[in-house]
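Below you'll find the structure, written out as structure tokens, and then a few comments.
The values are calculated or read from the model by the stated rules, or taken from the named source; none is laboratory data. Keep in mind the model is a prediction, meaning the values are calculated, not measured. Note that we place each Cβ from the backbone using ideal geometry, even for glycine, and neighbour counts take in every protein chain shown. All accessible areas refer to the heavy atoms of the entire protein, side chains included, with ligands and DNA or RNA removed. Shrake-Rupley method; radii C 1.70, N 1.55, O 1.52, S 1.80 Å.
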Amino acid sequence: MGARWDIFCSVVDNYGDIGVTWRLARQLAAEHGLDVRLWVDEPAAFLRLCPQADAALTSQRVEGVEVCHWLSEFPAVEAAEVVIEAFACTLPASYVAAMGTRSLKPLWLNLEYLSAEDWVAGCHGLPSPQPGGLQKFFFFPGFTEGTGGLLREAGLIKQRQAFQADAEARRAFLAEIGVALLPGARLISLFAYENLALAAWLDVLAQQATPTQLLVPHGRIEADVQRWLGVGELEEGGCWRRGNLQVHLLPFLSQADYDRLLWSCDFNAIRGEDSFVRAQWAGRPLLWHIYQQKEDAHWDKLDAFLDLYCADMPAAAAGALTALWHAWNGRGDMVEAWRAVQLQAASLGWHAENWCQEQASRPDLAEALVQFYRNWISCAA
Ligand code: TRH
């Protein structure tokens with residue numbers, strides 16, 4: 001198709017905005033042969049996900065994508081054929097003006113946050129007229145028919161399954177990140193915001209007969225872990241034991257290694273948006289720490305996903321998982337909920353793989369975007 005695509009990412013906080021846009025940019029370039037520019041206003045956040053990038057450059061080619069520093073003084077550039085404004089970040093006024101000067105106006109898409117709520121399918125793809133003869137479309141990722149789908153690279157699930165079937169690959173990867181597997185241990189990864197429910201969960205893990213290795217990439221949950229361990233400072237690469245629980249503090253990993261971490265674990269605690277989706281592709285049970293919104297709006301989002309995810313699950317497993325997710329997000333008893341989830345482990349494990357397969361049978365988000373452009377251009381031409 002050869003069209004040029006510009007993706008704009010403003011980093012609000014954390015890594016979700018850049019995590020999603022960087023993944024999307026690479027996929028559009030690699031799998032659809034598109035000429036993609038990614039504009040990021042916080043190069044430091046990008047560097048965490050892509051450590052091989054050069055912090056000193058305002059523009060560089062990385063993994064097939066031109067990554068540009070989005071400076072407040074925006075350069076005079078020609079607008080692309082397709083413009084993605086991620087998560088309603090406001091485009092530079094001069095760029096919008098440049099969009100208006102094209103004879104065939106660009107396809108302007110606002111890529112929205114992920115939600116399983118019912119209204120999403122009704123709003124996906126809706127246009128919104130803008131000044132200067134431009135039109136903006138709302139593009140919603142999602143889990144159901146009629147939404148834009150989820151980010152999923154070609155071959156991802158096969159790659160993940162091959163990794164999980166290869167004990168040596170798992171052992172070697174864990175060794176690379178400094179984790180030696182204990183015999184018979186269950187592996188849990190932990191990526192979360194500050195969380196008051198953590199101490200109760202770690203207490204119960206330390207008391208359980210099955211040994212647990214908890215793998216914690218460097219991040220916001222660290223202070224809670226440190227408090228629970230009762231130690232002065234946590235060093236990356238460090239390992240602490242309390243009862244039957246061994247805690248490992250890992251460095252913040254590249255996106256590819258973070259995927260492998262999720263694939264290696266029996267259970268993944270994840271947060272936000274992108275890690276939430278990656279944990280679903282891992283085919284293992286997960287625990288979501290949702291990004292908190294004003295007026296508790298995130299609860300509708302959490303429950304909408306649970307309704308969908310648990311719809312085909314036996315009632316006892318659905319009840320246990322729901323109680324655990326609620327407790328982790330601040331409503332309920334973590335100890336009781338974790339014990340109940342243990343009794344449903346087989347059912348939850350089976351369901352996680354099934355859910356992954358079902359979601360993977362739908363078009364992925366990059367493909368859906370390209371298809372949206374094709375449809376639009378055939379009407380516009
Ligand atoms: O960082 P987040 O909390 O981002 C959030 C959410 O996207 C939320 O919806 C949004 O509103 C808010 O930001 C502003 O969680 P998320 O989305 O999971 O993004 C984390 C990214 O970091 C993801 O791409 C995975 C990646 N990651 C690594 O690459 N290495 C690591 O070691 C870890 C822990 C994560």
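Brief remarks follow.
- Hits in the range 358-369 - residues which are out of contact with any strand residue (DSSP E or B) (no Cβ under 9 Å at 6 or more places or on another chain), of a type outside the set (Asp, Glu) and in a helix (DSSP H, G or I): 359, 360, 366
- Selection within the range 18-55: residues that are among the small types (Gly, Ala, Ser) and within 19 Å of residue 151 (Cα to Cα). The member of this set that is farthest from the ligand (Cβ to nearest atom) is 33.
For every residue, the table says whether it meets (1) assigned by TED's automatic domain parsing to the domain that holds residue 337; (2) modelled with pLDDT under 95; (3) of a type in the set (Val, Ile, Thr).
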site: 113; (1), (2), (3): no, no, no
site: 132; (1), (2), (3): no, yes, no
site: 162; (1), (2), (3): yes, no, no
site: 174; (1), (2), (3): yes, no, no
site: 179; (1), (2), (3): yes, no, yes
site: 190; (1), (2), (3): yes, no, no
site: 206; (1), (2), (3): yes, no, no
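- Condition met for residue 303 (surrounded by fewer than 21 Cβ atoms within 10 Å (Cβ to Cβ), more than 13 Å from the ligand (Cβ to nearest atom) and in contact (Cβ under 8 Å) with a residue 24 or more places away in the chain): no
- Restricting the range 107-137 to residues that are touching a residue at least 40 places away in the same chain (Cβ under 8 Å) and touching a strand residue (DSSP E or B) at 6+ places or on another chain (Cβ under 8 Å), the residue that is farthest from residue 365 (Cα to Cα): 136
- Matching option when the condition is buried (at least 20 other Cβ atoms within 10 Å of the Cβ), among the aliphatic types (A, V, I, L, M) and either in contact with a Pro (Cβ under 9 Å, 6 or more places away or on another chain) or farther than 30 Å from residue 116 by Cβ (or both), among 151, 134, 202: 151
- Restricting the range 25-56 to residues that are of a type in the set (A, V, I, L, M) and without any contact (Cβ under 8 Å) to a residue 12 or more places away in the chain, the residue that is surrounded by the fewest Cβ atoms within 10 Å (Cβ to Cβ) is 56.
- Hits in the range 202-254 (condition: among the small types (Gly, Ala, Ser), in contact (Cβ under 8 Å) with a residue 12 or more places away in the chain and more than 13 Å from the ligand (Cβ to nearest atom)): 206, 209, 223, 237, 243
- The range 241-264, subset hydrophobic (A, V, I, L, M, F, W, C) and open to solvent by less than 40 Å² (accessible area, probe 1.4 Å), residue nearest to the chain's Cα centre (by Cα): 262
- Taken together, the residues in the range 57-70 that are touching a residue at least 24 places away in the same chain (Cβ under 8 Å) and part of a loop (DSSP other than H, G, I, E, B) amount to 3.
- Residue count for the range 229-246, restricted to those that are under 11 Å from residue 213 (Cβ atoms) and either assigned to a loop (DSSP other than H, G, I, E, B) or not assigned by TED's automatic domain parsing to the domain that holds residue 187 (or both): 1.
- Residue in the range 281-293 that is within 15 Å of the ligand (Cβ to nearest atom) and without any contact (Cβ under 8 Å) to a residue 40 or more places away in the chain present: yes
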